[in-house]
Amino acid sequence: MKFTPVGIDIAKSVFQVHYVDEQTGEVVNRALRRRVFLEHFANRTPCLIGMEACSGAQHWARE
């Protein structure tokens, strides 16, 4: 199984999500509000997530 790598920059209320769309080759740079962050990833194919190592990252890794 091939996973799309996704980079996430965590902030207080808006997270930046970066990845390359496999179908189009487009570089996606999307801002996601905290309240829709988990919903966004629940509705997409499995991916490999990389995020900064801070206390907030530990919380989101558990979610």
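Computed from the coordinates by the stated procedures, all read-outs in this text should not be read as laboratory data. This is a predicted model, so every value here is computed, not measured. Note that we place each Cβ from the backbone using ideal geometry, even for glycine, and neighbour counts take in every protein chain shown.
For the range 17-40, filtered to residues that are surrounded by 13 or more Cβ atoms within 10 Å (Cβ to Cβ) and out of contact with any Gly (no Cβ under 8 Å at 6 or more places or on another chain), the residue that is nearest to R62 (Cα to Cα) is F37. Kindly provide the set of residues from the range 1-21 that are touching a Ser or Thr at 6+ places or on another chain (Cβ under 9 Å) and over 10 Å from C47 (Cβ atoms), ordered by number. V20, D21, listed by residue number. Filtering the range 39-63 to residues that are of a type in the set (S, T, Y) and over 26 Å from Q23 (Cβ atoms) leaves only S55.
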